[in-house]
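The values are calculated or read from the model by the stated rules, or taken from the named source; none is laboratory data. All of these numbers come straight from a predicted model, not from anything done at the bench. Glycine also receives a Cβ, built like all others from the backbone with ideal geometry; neighbour counts cover every protein chain displayed. Keep in mind that these areas ignore ligands, DNA and RNA; they rest on the heavy atoms of the full protein, side chains included. Shrake-Rupley method; radii C 1.70, N 1.55, O 1.52, S 1.80 Å.
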Amino acid sequence: MTTDTRPLLIGMNNPLSSHPEGALYPRPPGCTGHRIFLMLRSQIPEITEKQYLARFDRRNVLTGVWNLQRARAAAADIWPHMMGRRFALLGKDVTRAFGLHRGERDAPPLMWQELGYRDTHWALLPHPSGRNMWYNTPGNRDRAAQFLAELYRGT
C-alpha cells in the first residue's frame, strides 16, 4: 500500500510526453488533462492549474501507442499505488487493462465500487476525449464535473 493519500486519476497513455509528470497534464488546450481541468473549473472556478496538479496523483498506464496486452502488463506495476485510495479509471480501455471491465455488467460511470481491499474504491470516469459521445448526452458533462469536484475536495 502506498503512503500517498491523494486521489488518483489513471488515464490510457500520453502521446505528447513519456515523462510521468506529464500524465493528464492540463496543457496543451484540448488534451485530456485540459478537459479534466476545465470540468473542475466549471465546479470550482477559483482552482488553478497548480492546485489541480498538486491535488491529484496522475498516471497513465502506458507511454506511446495504446496496446491492451502491454497495458495489462503495465497495470500490474500500478496496482500497489492504488491500494487504500480512491481512484478514477478514465475509460473502459483502462478498466480492461486492470481487469475491472466486466462486459455487460460494467460498473456504471461515476459510481464508487469497493475493490475488496481496505479503503480502496474505484470509479469509471468515461474517457474525457473529444471523441467520447457520452459527454454529448445532456447532463453527463455536469455529472462528470461534479464527480471530479467531489474527488478533488475529498468528499
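If I filter the range 131-154 down to residues being at pLDDT 95 or above and small (Gly, Ala, Ser), which single residue comes out as farthest from the chain's Cα centre (by Cα)?
Here the answer is 139.
Of 118, 96, which residue is open to solvent by 70 Å² or more (accessible area, probe 1.4 Å), of a type in the set (Lys, Arg) and part of a loop (DSSP other than H, G, I, E, B)? Write out each step before concluding.
On the way: 96 fails: part of a loop (DSSP other than H, G, I, E, B).
Going through 118, 96 in turn, just one is open to solvent by 70 Å² or more (accessible area, probe 1.4 Å), of a type in the set (Lys, Arg) and part of a loop (DSSP other than H, G, I, E, B): 118.
Residue by residue through the range 9-23, note down the ones that are in contact with a Ser or Thr (Cβ under 9 Å, 6 or more places away or on another chain) and either among the β-branched types (Val, Ile, Thr) or open to solvent by less than 10 Å² (accessible area, probe 1.4 Å) (or both).
Those that are in contact with a Ser or Thr (Cβ under 9 Å, 6 or more places away or on another chain) and either among the β-branched types (Val, Ile, Thr) or open to solvent by less than 10 Å² (accessible area, probe 1.4 Å) (or both): 11, 23.
What are the residues in the range 70-112 that are among the basic types (Lys, Arg) and under 16 Å from residue 9 (Cα atoms), if any?
Going through the range 70-112, the residues among the basic types (Lys, Arg) turn out to be 70, 72, 85-86, 92, 96, 102, 105.
If the condition is that a residue be among the basic types (Lys, Arg) and under 16 Å from residue 9 (Cα atoms), then 85, 86, 92, 96 are the ones that fit.
Of the conditions (1) open to solvent by less than 10 Å² (accessible area, probe 1.4 Å); (2) hydrophobic (A, V, I, L, M, F, W, C); (3) under 16 Å from the mean Cα position of the chain (by Cα), residue 110 satisfies every one except a single condition; which number is it?
Going through the list (1) open to solvent by less than 10 Å² (accessible area, probe 1.4 Å); (2) hydrophobic (A, V, I, L, M, F, W, C); (3) under 16 Å from the mean Cα position of the chain (by Cα), residue 110 breaks only (1).
Any residue that is touching a residue at least 40 places away in the same chain (Cβ under 8 Å), among the small types (Gly, Ala, Ser) and crowded, with 18+ Cβ neighbours inside 10 Å - is there at least one of those in the range 60-69? Spell out the reasoning first.
Let us first name the residues in the range 60-69 that are touching a residue at least 40 places away in the same chain (Cβ under 8 Å), namely 60-66.
Within this subset, residues satisfying the condition of being among the small types (Gly, Ala, Ser) are 64.
Next, from what is left, pick out any that are crowded, with 18+ Cβ neighbours inside 10 Å: none.
Looking through the range 60-69, none of the residues is touching a residue at least 40 places away in the same chain (Cβ under 8 Å), among the small types (Gly, Ala, Ser) and crowded, with 18+ Cβ neighbours inside 10 Å.
Count, please, the residues in the range 133-155 that happen to be open to solvent by 20 Å² or more (accessible area, probe 1.4 Å) and in contact with a helix residue (DSSP H, G or I) (Cβ under 7 Å, 6 or more places away or on another chain).
Here the count works out to 4.
Does residue 130 satisfy the criteria of being in contact with a helix residue (DSSP H, G or I) (Cβ under 8 Å, 6 or more places away or on another chain) and exposed (fewer than 13 other Cβ atoms within 10 Å of the Cβ)?
Working: in contact with a helix residue (DSSP H, G or I) (Cβ under 8 Å, 6 or more places away or on another chain): yes; exposed (fewer than 13 other Cβ atoms within 10 Å of the Cβ): yes.
So residue 130 passes the test.
Being in contact with a helix residue (DSSP H, G or I) (Cβ under 6 Å, 6 or more places away or on another chain), surrounded by fewer than 17 Cβ atoms within 10 Å (Cβ to Cβ) and under 17 Å from residue 128 (Cβ atoms), is that true of even one residue in the range 32-42?
Yes: one or more hits.
Filter the range 79-93 down to residues that are open to solvent by less than 10 Å² (accessible area, probe 1.4 Å) and touching a strand residue (DSSP E or B) at 6+ places or on another chain (Cβ under 6 Å) and give me whichever is farthest from residue 67 (Cα to Cα).
My answer is 85.
Considering (1) modelled with pLDDT of 95 or more; (2) β-branched (Val, Ile, Thr); (3) not in a helix (DSSP H, G or I), say which one residue 5 fails and leave the rest.
For residue 5, the exception is condition (1).
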